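Here's the structure, in structure tokens; my notes come after.
The values are calculated or read from the model by the stated rules, or taken from the named source; none is laboratory data. These numbers come from a predicted model, not from an experiment. Cβ coordinates were reconstructed from backbone atoms using ideal geometry, including for glycine residues, and neighbour counts include every protein chain displayed.
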Amino acid sequence: MAYTLGIDIGTYETKGVLVDGSGTVHAQAIRGHQMLVPQPGWAEHRPEEDWWGDFVYVCRALLEQSGIDPKDIKAVACSAIGPCMLPVDSDGAPLMNGVLYGVDGRAETEVRELTDRIGEDTIIARCGNALTSQSVGPKILWLKRNRPKIYAATAHILTSTSFLVQRLTGEVVIDHYTAANFSPLYDVETRDWVDDLADDIVPLDKLPRLLWSNEIAGHITATAADATGLAVGTPVTAGTIDAAAEALSVGVDQMGDMMMMYGSTIFIILRAQVRVADPRIWYAPWLFEGEHASMAGSATSGTLTHWFRDQVARDLDPAEAFPALADEASASPPGANGLLMLPYFSGERTPIHDIHAKGAMFGLNLTHTRGDMYRALIEGIAHGTRHVTDTFADLGQSPTRLLAVGGGTKNALWLQATSDITGIDQIVCEKTVGASYGDAFLAALAVGIADRKDIASWNPINREIRANRNDAYDNAHDLFRRLYEQTRDIARELG
């Protein structure tokens, strides 16, 4: 039997699956790691330990658990958090920690300067995206200015997935979907690297070779085989960012399909008919040539539930805290007895792109309970999500169907609040494994084991969450939006 292997590096954990040609999962493995916050506004991972170390551990766990002969694994695909920025030397060794995606706002000055110099309209027209904390180009310029010795020693700028593929195959590649986040260095029309907008960031020969996600990047080397247990010569795809693999895992393939990923952050991907250029959302070529995707993402969502558990529910057993908190929140009515939560604990990404935004819980009085506060937190995340879906609607990109995926789909309160506040029904598929399952499917596509339409049988629909829209939530959403606007300047002055 033919098998494929998929491994995904997330913000706080790495997951892997080994599946056969029909999509049946034969083994799963997981390993946790930490996001480093060396100073406020920064976010990092350790490439050797958190990316490659986790990949090796999970890969060997999958092989041991399944007992499958590595030679029967016909392809490997990986995904990871992104877009990240990692300088490596000529041997592919990391020169510093990996700088993470939009939750890292260290390049605020460079974002502002490049935008002023090039012009936002030009950047959006050429690169598809306004410069934000999500953009890799400004972070490379930050590296050049603030870590000149590291910049001078840099042979290539990689992202998290590129680093894994390089370790597995020796090839320095990046998929187009990820590369579109390297603004202002990637032209979305020519699908190529460019330096005419900013020739002072990095020489283009230091950027990876561009491929589509279903293309084979290379094959497992002898060194990688020794480390992972995989067979020498096994094909490895170019891979992609975790959210794109997650979307693929639940069947986002037709025009109008939207994925909502409930993870450490909320991430949304819409399979779009055309490219929409708007500074509030992101654009990228989809995983396959000639196709389009519109995206959006929060800075904190699932992360907030962990923060609340660790800071406000220390009396509860951590292993049982979330169900207990959900029970407490269920006793609070929709609207959390008048509490509003701004979920901007790490600034915010789409649609406001404000790294200075702050978290807040507004409306507290002496009658409020922990259940009210936890419900307000869940509803605050959902209001942030509605801000995004309303933005898509403003752009004529409302979804024809919405597929939910990720660990948060186990949280019934969160799912229902999101549907009720956004007014959008959600579909949950049988398998919520997530990005690693999408990686395994991508690997199967790359070597002809599966066709794109096969994902419907690999991962059929399990249930639907119906939206129960009400006036109270509409009023609360208006207040939510106004609360941010009226506290924005105070948040900035707080630093």
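Checking THR400, THR389, THR385, THR350 one by one, the residue that is surrounded by fewer than 21 Cβ atoms within 10 Å (Cβ to Cβ) and either among the basic types (Lys, Arg) or out of contact with any His (no Cβ under 6 Å at 6 or more places or on another chain) (or both) is THR400 and no other.
Filtered by the rule that a residue be assigned to a strand (DSSP E or B), touching a Phe, Trp or Tyr at 6+ places or on another chain (Cβ under 8 Å) and crowded, with 20+ Cβ neighbours inside 10 Å, the range 273-296 gives ALA284, PRO285, ALA293, SER294, MET295, ALA296. The criterion of being touching a Cys at 6+ places or on another chain (Cβ under 7 Å) and touching a residue at least 12 places away in the same chain (Cβ under 8 Å) does not hold for GLY92.
For the range 98-125, the set of residues classified as exposed (fewer than 15 other Cβ atoms within 10 Å of the Cβ) and at negative phi consists of THR109, ARG112, ASP116, ARG117, GLU120, ASP121, THR122, ALA125, listed by residue number. Is it the case that the range 218-227 has a residue that's of a type in the set (S, T, N, Q), touching a helix residue (DSSP H, G or I) at 6+ places or on another chain (Cβ under 8 Å) and modelled with pLDDT under 95? Among the residues of the range 218-227, not one is of a type in the set (S, T, N, Q), touching a helix residue (DSSP H, G or I) at 6+ places or on another chain (Cβ under 8 Å) and modelled with pLDDT under 95, which makes the answer no.
To keep it simple, each residue is scored yes or no on (1) surrounded by 24 or more Cβ atoms within 10 Å (Cβ to Cβ); (2) of a type in the set (D, E, K, R).
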| residue | (1), (2) |
| --- | --- |
| LEU5 | yes, no |
| ALA29 | no, no |
| GLU49 | no, yes |
| ASP54 | yes, yes |
| LEU63 | no, no |
| ILE68 | no, no |
| CYS84 | yes, no |
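With respect to (1) closer than 22 Å to TYR12 by Cβ; (2) in contact with a His (Cβ under 6 Å, 6 or more places away or on another chain), the lone exception for VAL88 is condition (1).
When the range 351-372 is filtered for residues that are under 23 Å from the mean Cα position of the chain (by Cα) and either at positive phi or modelled with pLDDT under 95 (or both), the ones remaining, listed by number, are HIS353, ASP354, ILE355, HIS356.
Checked against (1) at positive phi; (2) crowded, with 21+ Cβ neighbours inside 10 Å, GLY92 passes all but a single condition, namely (2). Per this entry, THR409 is counted among residues that are of a type outside the set (A, V, I, L, M), at pLDDT below 95 and under 21 Å from the mean Cα position of the chain (by Cα). Residue count for the range 326-337, restricted to those that are under 17 Å from MET361 (Cα atoms) and surrounded by 12 or more Cβ atoms within 10 Å (Cβ to Cβ): 6.
Scanning the range 180-212 for residues being crowded, with 21+ Cβ neighbours inside 10 Å, among the hydrophobic types (A, V, I, L, M, F, W, C) and free of Cβ contacts under 8 Å to residues at least 60 places away in the same chain gives a total of 2. For the range 58-83, residues that are closer than 10 Å to GLY16 by Cα and out of contact with any helix residue (DSSP H, G or I) (no Cβ under 8 Å at 6 or more places or on another chain) total 3.
Of the strands (runs of 3 or more DSSP E) lying entirely inside the range 1-110, those containing at least 1 residues that are more than 23 Å from ALA247 (Cβ to Cβ) span 25-32, 73-80, 86-88. Can we say ILE174 is buried (at least 24 other Cβ atoms within 10 Å of the Cβ) and either more than 25 Å from ILE455 (Cβ to Cβ) or modelled with pLDDT of 95 or more (or both)? Answer is yes for this residue. Among the residues of the range 256-271, are any acidic (Asp, Glu) and modelled with pLDDT of 95 or more? Checked the range 256-271: at least one residue is acidic (Asp, Glu) and modelled with pLDDT of 95 or more.
Would you confirm, using the coordinates I've provided, whether ALA217 is touching a Pro at 6+ places or on another chain (Cβ under 9 Å), surrounded by 18 or more Cβ atoms within 10 Å (Cβ to Cβ) and without any contact (Cβ under 8 Å) to a residue 60 or more places away in the chain? Yes, satisfied.
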